[in-house]
Amino acid sequence: MIEKFVSSVPEALHGVKDGATILIGGFGAVGQANTLIEGLIDQGVKDLTVVANNAGYGNVGLARLLQQRRVRRLICSFPRISGSTVFEGLYKAGEIELELVPQGTLAERLRAAGAGIPAFYTPTAVGTRLAEGKEVRVIDGKEYVLEHALHGDVAFVEAWKADRWGNLTYRSSGRNFNPVMATAGALTVVQTQHVVELGELDPETIVTPGIYINRILHVPYGDPQG
Amino acid sequence: MMDDTHKTWTPLSRKEMAARVAADIPEGWVVNLGIGVPTLVADMVPATREVVFHSENGLLGMGPAPSPDAIDRWLVNAGKQHVTMVSGGSYFHHADSFAMIRGRHLDLCVLGAFEVAANGDIANWTTSADETAPAVGGAMDLAVGAKRLWVVMDHMTKDGRAKVVETCRFPLTARGAVTRIYTNFAEFDVNADGLHLRHVIDGMSLEELQSYTEAKIIAH
């Protein structure tokens, strides 16, 4: 029997090592697997590279992970949202590296990683500071920037419903980066609000098929705050 | 600084600028609106005109803000504000959302800007090297991907410098991307040969408008 559900946070995070690259889904406060992130703090790993659209808010989840100095490098499109004070302090003090990536390039680098594409050319950022030092190629008379796939050692995904094979659905804008990060992690760990029996999810409506998922933890926390 | 003592004109308000943009959006277009004045445009499109609003975080068919007692905490727009969905709306993930953008499926994107140049260059994501942590979001993808890029912004900075310029001084968001500019003074089409005047507010002469505009205006 295939059973991807685990019963504790330590089980969900077993084997995550210092120096790992962690992909964290979520857009602002919505669709972010905070229980798994907080679990990393308790587990004690450090020197992490975190890939996330934002840099956390308030003093929970990702912001707390940053505050605990566990993250060496953040790969991010928009670290400057209101309430993102922890990151800003660390950045000004030179205590965290930032790789700023246009949001669509970030999403596509993750998609490429999950799809076996090592690199791709994109029109985004041509002629800007964010393309400096990158290969530019003219295709059909137009310039494109070469961007590389972005793989995770671990991906944290927040789902709305999950079955024991790891088939997932999401809730409205809680979907965001989660499905694409699910494909790009060597170890993909899900935090789900609801558990359903195998067969309960209509195959027509499954957003992430279980093939991408390794472990699932049931965390019925309610609504996102912030 | 502008000498406002004898002026015979009144700049448009933020809402009036948004209304002028909205009036130019035809039924059937799929539109992405940036943060600030662009966000106000959605409320100015008459409910009888079907315009589909896209949000980078995976929404097509985004509706207005909910009443305070009807907030769904899972449903936010790209500015992380709570929103609603209209009938016919759909959800999709970030890679699909930006495939729509880069793949030239959006009819229009409306953004704010610090500066726009006569050649269509836009600077709207950062004004300095290291003042705060830089942030770019989806601006660079939207600027190169949408079929049309309209900028809506004040004509001048608070300290009286022109924002419609010959060459952008701030770091670029995209080269040659802007197709139209709406300001609180005037409107321009950005064509291959430069900045064509579409409209100027009542009481402002072309000479006066040109004095507030660094780039050369082509008037008809």
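Details
- For the range A:151-198, filtering for residues that are within 14 Å of another protein chain (Cβ to nearest Cβ), surrounded by fewer than 24 Cβ atoms within 10 Å (Cβ to Cβ) and either on the phi > 0 side of the Ramachandran plot or not hydroxyl-bearing (Ser, Thr, Tyr) (or both) leaves 6.
- One residue stands out in the range B:169-202 among those that are under 29 Å from A:Glu143 (Cα atoms) and of a type in the set (S, T, N, Q): the one that is surrounded by the most Cβ atoms within 10 Å (Cβ to Cβ), namely B:Thr173.
- Qualifying residue in the range A:3-25 (condition: of a type in the set (Lys, Arg) and surrounded by 15 or more Cβ atoms within 10 Å (Cβ to Cβ)): yes
- Of the strands (runs of 3 or more DSSP E) lying entirely inside the range A:110-221, those containing at least 2 residues that are under 30 Å from B:Gly176 (Cα atoms) span A:119-122, A:136-139, A:142-148.
- Of the candidates B:Ala95, B:Ala99, B:Ala135, B:Ala143, the single residue that is assigned to a helix (DSSP H, G or I) and surrounded by fewer than 22 Cβ atoms within 10 Å (Cβ to Cβ) is B:Ala99.
- Some residue of the range B:16-32 being more than 14 Å from every other protein chain (Cβ to nearest Cβ) and touching a Cys at 6+ places or on another chain (Cβ under 8 Å): yes
- Filter pass, A:Thr128 being among the hydroxyl-bearing types (Ser, Thr, Tyr), in contact with a Ser or Thr (Cβ under 7 Å, 6 or more places away or on another chain), crowded, with 21+ Cβ neighbours inside 10 Å and closer than 24 Å to A:Met181 by Cβ: no
- Residue in the range B:80-92 that is surrounded by the most Cβ atoms within 10 Å (Cβ to Cβ), counting only those that are in a loop (DSSP other than H, G, I, E, B) and facing another protein chain (nearest Cβ under 8 Å): B:Lys80
- Scanning the range B:152-166 turns up no residue that is within 14 Å of chain A (Cβ to nearest Cβ) and polar (S, T, N, Q).
- Residue satisfying all of: in the range A:114-125; closer than 20 Å to B:Asn57 by Cβ and among the small types (Gly, Ala, Ser); surrounded by the fewest Cβ atoms within 10 Å (Cβ to Cβ) among these: A:Gly114
- Scan of the range B:23-79 for residues that are more than 19 Å from the chain's Cα centre (by Cα), in a loop (DSSP other than H, G, I, E, B) and surrounded by 20 or more Cβ atoms within 10 Å (Cβ to Cβ), ordered by number: B:Gly58, B:Leu75
- Just so you know, in the range A:43-60 the residues that are modelled with pLDDT under 95 and out of contact with any Leu (no Cβ under 9 Å at 6 or more places or on another chain) include one that is surrounded by the most Cβ atoms within 10 Å (Cβ to Cβ), and it is A:Tyr57.
- Selection of the range B:96-143 for residues being without any contact (Cβ under 8 Å) to a residue 12 or more places away in the chain, within 10 Å of chain A (Cβ to nearest Cβ) and not β-branched (Val, Ile, Thr) yields B:Ala99, B:Ala129, B:Asp130, B:Glu131, B:Ala133, B:Pro134, B:Ala135.
- Every test in (1) under 16 Å from the mean Cα position of the chain (by Cα); (2) surrounded by fewer than 16 Cβ atoms within 10 Å (Cβ to Cβ) is passed by B:Ser205 save one, and that test is (1).
- Residue within the range B:89-109 that is in contact with a strand residue (DSSP E or B) (Cβ under 8 Å, 6 or more places away or on another chain), modelled with pLDDT of 95 or more and of a type in the set (S, T, N, Q) present: yes
- Residue-level analysis places A:Ile117 outside the set of residues that are in contact with a strand residue (DSSP E or B) (Cβ under 6 Å, 6 or more places away or on another chain) and β-branched (Val, Ile, Thr).
- Selection status of A:Gly114, out of contact with any helix residue (DSSP H, G or I) (no Cβ under 6 Å at 6 or more places or on another chain) and farther than 16 Å from A:Ser77 by Cα: no
- Answer from A:Glu97, A:Glu108, A:Glu132 - the residue that is within 17 Å of the chain's Cα centre (by Cα) and either on the phi < 0 side of the Ramachandran plot or within 7 Å of chain B (Cβ to nearest Cβ) (or both): A:Glu108
The values are calculated or read from the model by the stated rules, or taken from the named source; none is laboratory data. Here the structure is a predicted model, which is why all the values come from computation and not from measurement. All Cβ positions, even for glycine, are placed from backbone atoms using ideal geometry, and neighbour counts span all protein chains on display.
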